[in-house]
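Just so it is clear, none of the values below were taken in a lab; they were calculated from the coordinates. Fair warning: this is a prediction, and the values are worked out from it, not measured in the lab. Ideal geometry is used to build each Cβ from the backbone, glycine not excepted, and the neighbour counts take in all protein chains shown.
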Amino acid sequence: MKTVFQYLLQLVLISIILTSCTLESKFGLPNTDKVDQNLIGVWSTPCIINQESDTLTIKPLNEYSYKLLFDTSEELAAYSVKIKDYNIINIISNVDGNNLFYGYEVEKDTLRFYEVNPELLKSDISSQKELNDFFAKNINKHNFFMNACIMVRNKDL
């Protein structure tokens, strides 16, 4: 049985993804890359105390997109793209349809999500081309990615 504390931890993970300080835009990156099989699986955020972890399940939705499932039954659609040598996940918000951008790395059974720094944006993005140009121009900067969230693989689907 889940405790109130465990439920609150789940809400925190969803809140981080939906209301984080990552770059957000009404425009998405081009959805041209196939699903990254390294992302597929069940991921948990380890807690310092001995409690159940918040869990995120990533399943392929189709050849180019994912379904993100949380313990709280929250579902989000997403897709990934590779820009230069960096992996980006484009998450589509259920709240307003905006796109949220995160860098990610998968190394063995560890997944690291990084927020994309919105402070680097000098003006509002008014097209997908401007969004692509922003990523191309800034992705190599040392402060492009920030605030890592580390998750560990529980089990494969």
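Tabulated results
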item: Exposure proxy ranking, count of Cβ atoms within 10 Å, fewest first, for GLU119, GLU24; result: GLU119, GLU24
item: Within-10-Å neighbourhood charge of LEU100 [Cβ basis; K, R +1; D, E -1]; result: -2
item: Restraint check, LYS84/LYS141; LYS108/LYS129; LYS108/LYS137, Cα-Cα greater than 22 Å; result: LYS108/LYS129; LYS108/LYS137
item: Footprinting exposure proxy for CYS149, CYS21 (fewest neighbouring C-beta atoms within 10 Å first); result: CYS21, CYS149
item: Neighbour-count ranking [beta-carbon atoms within 10 angstrom, fewest first] of TYR66, TYR86, TYR104; result: TYR86, TYR104, TYR66
